[in-house]
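Q: Just passing along the structure, written as structure tokens.
We did not get these values from a lab; they are worked out from the coordinates using the rules stated. Everything numeric in this text was worked out from a predicted model, so none of it was measured. Please note: Cβ atoms are built from the backbone with ideal geometry, for glycine as well, and neighbour counts cover all protein chains shown.
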Amino acid sequence: MAKIHYPALSAQKQAHKLFVSQLEAFKQEADEGSNTLIAIKVSKMVTDWLKDHIIKMDKKYEEHMKANNIS
């Protein structure tokens, strides 16, 4: 993304950082013994990530590449 000067690169990086942070929080909960509903929470978070990030944010990246004839 940096190589092609994608204008929303910082938003992409922030979204990925938040995703990892949320996973780390779930891991900490599990490590502390709060295993109740962790699998459901993680499943929901990943599902939301797939919907919101990949379908929306990554789609914009694809559009940027097409608009600039980048393959």
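Q: Could you tally the net charge around ASP48, taking each other residue with its Cβ under 15 Å from the Cβ of ASP48, Lys/Arg +1 and Asp/Glu -1?
A: That works out to +2.
Q: So which lysines pass the test for LYS66, namely a Cα distance under 25 Å, with those fewer than 8 places away in the same chain ruled out?
A: Within the straight-line limit of under 25 Å, LYS66 reaches these lysines: LYS3, LYS13, LYS51, LYS56.
Q: Right, next: Using the basic label-point model (7 angstrom from Cα toward the beta carbon), what is the ALA39 to LYS66 distance in nanometres?
A: Taking the simple label geometry, ALA39 and LYS66 are separated by 3.9 nm.
Q: Follow-up question, since we're still on this one. Return the FRET efficiency for the residue pair ILE55, GLN28: r is the Cβ-Cβ distance, R0 is 25 Å, and the value is rounded to the nearest 0.05.
A: Efficiency computed from Cβ-Cβ geometry: 0.30.
Q: If you put +1 on each Lys and Arg Cβ and -1 on each Asp and Glu Cβ, how big is the dipole of the chain around its Cα centre, in Debye rounded to 20?
A: Roughly 340 debye for the chain.
Q: Compute and list, largest first, the equivalent-ellipsoid semi-axes of the chain from the alpha carbon gyration tensor, each √(5λ) rounded to a whole angstrom.
A: That gives 32, 13, 6 Å for the three semi-axes.
Q: To the nearest 10 degrees, how steep is helix 38-49 against the longest Cα principal axis of the chain, on a 0 to 90 scale?
A: It is inclined by approximately 10 degrees.
Q: Same structure again: What net charge do the residues around ILE70 carry, taking every other residue with its C-beta under 13 Å from that of ILE70, with Lys and Arg at +1 and Asp and Glu at -1?
A: Every neighbour counted, the sum reads 0.
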